[in-house]
1. Given (1) within 20 Å of T55 (Cα to Cα); (2) surrounded by fewer than 21 Cβ atoms within 10 Å (Cβ to Cβ), where does R200 come up short, assuming only one miss?
2. Just for the stretch 72-112: of the residues that are closer than 24 Å to Q158 by Cβ and among the hydroxyl-bearing types (S, T, Y), which one is surrounded by the most Cβ atoms within 10 Å (Cβ to Cβ)?
3. Please work out which residue is surrounded by the fewest Cβ atoms within 10 Å (Cβ to Cβ), limiting yourself to the stretch 16-28 and to residues that are of a type outside the set (S, T, Y) and out of contact with any helix residue (DSSP H, G or I) (no Cβ under 7 Å at 6 or more places or on another chain).
4. Kindly check whether there is at least one residue in the stretch 131-138 that is more than 30 Å from E14 (Cβ to Cβ), in the same structural domain as V35 (by TED's automatic domain parsing), assigned to a loop (DSSP other than H, G, I, E, B) and of a type in the set (A, V, I, L, M, F, W, C).
5. Which residue, of G155, G150, G201, G109, is out of contact with any Phe, Trp or Tyr (no Cβ under 8 Å at 6 or more places or on another chain), without any contact (Cβ under 8 Å) to a residue 12 or more places away in the chain and within 22 Å of T89 (Cβ to Cβ)?
6. State all residues of the stretch 27-51 that are touching a Phe, Trp or Tyr at 6+ places or on another chain (Cβ under 9 Å) and of a type in the set (A, V, I, L, M, F, W, C); if no residue qualifies, say none.
7. May I ask you to verify whether F69 is surrounded by 19 or more Cβ atoms within 10 Å (Cβ to Cβ) and aromatic (F, W, Y)?
8. Could you grab the pairs with beta carbons closer than 9 Å, sequence gap of 6+ or different chains, first residue in the stretch 69-82 and small (G, A, S), second one part of a helix (DSSP H, G or I)?
Amino acid sequence: MTDALRTTPILQLEGVSKSFGSVIALRDISLHVDVGSATCVLGDNGAGKSTVIKTLSGVYPPTSGTYRFEGVPVHLASPRDALAMGIATVYQDLATVPMMSVWRNFFLGQEPTRGVGPLAPIDRKHARDVARDELIRMGIDIRDVDQPVGTLSGGERQAVAIARAVHFGAKVLILDEPTSNLGVKQSGVVLKYVVQAKERGVAVIFITHNPHHSYLVGDHFFLLNRGRLVESWDRDEVDLDELVRAMAGGAELEALAHELESLGGSTERAAREEFGDRQESGS
């Protein structure tokens, strides 16, 4: 890899906006994604994270601005175009079939065959071996790749989806809230595989509303609010407390705390007066 490719972000949005009629979903978004790093896009509900995912993955073309891949402006007409370039997206629903085996879900439409032509049989032994080997390379130890994927934990299913994307040549892996419905232990499983993907040279885009999870794996952080990019940091420019405060709203949170404190004080006095009145009437 040349020095130029090392320093050029693999993916960039430059001044990207997205409108749906008179509704502006994204306004002037600029962000970059580097090879072998995790770029975290944070925001609360309604911040614009879903629109960013769909813009990055080719579902929505930008209304204005430039989308660059490996330094070259591109126009993605569909998710198929993004996938052909090496941009893979793992959505919250994982696109897995619960009753199908782990290895069938690993290939899912790209099964290896013995022979050529539409009626060529699936090479089941090769598919099982490849799925098992690739999962092990990602550090995923699944005892039996013939077991239904629905029997795995949420974290393990996420790991299978990540390993599948890496195996089929993903250069950029977009993860849509991968830990949102998981407990602490299973979230840890997913975060470990995010690091594994980074170490294999994949550029990971981690979309999340959880600053704690993002800080464990992130190298760059971009904070959205109502379709605007309001903050951006490299890892050495922000600590977890600052990230949490920014995510929580900073001054807005402080104002809310003062408001709740004043309400609590009034409530406490009212309760004390009421209790005192009852005590006196009962004595």
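The values are calculated or read from the model by the stated rules, or taken from the named source; none is laboratory data. Remember, predicted model here, so these are calculated numbers, not experimental data. Counting neighbours? That spans all protein chains shown, and the Cβs are built from the backbone with ideal geometry, glycine included.
1. If we test R200 against (1) within 20 Å of T55 (Cα to Cα); (2) surrounded by fewer than 21 Cβ atoms within 10 Å (Cβ to Cβ), just (1) comes out false.
2. Among residues in the stretch 72-112 that are closer than 24 Å to Q158 by Cβ and among the hydroxyl-bearing types (S, T, Y), the one surrounded by the most Cβ atoms within 10 Å (Cβ to Cβ) is T89.
3. Among them, the one singled out is G21.
4. no
5. Details: G155 fails: without any contact (Cβ under 8 Å) to a residue 12 or more places away in the chain; G150 fails: without any contact (Cβ under 8 Å) to a residue 12 or more places away in the chain; G201 fails: without any contact (Cβ under 8 Å) to a residue 12 or more places away in the chain.
It is G109.
6. Those that are touching a Phe, Trp or Tyr at 6+ places or on another chain (Cβ under 9 Å) and of a type in the set (A, V, I, L, M, F, W, C): I29, L31, A38, C40, V41, L42.
7. So F69 fits the description; yes.
8. G71/A4; G71/L5; A82/L56
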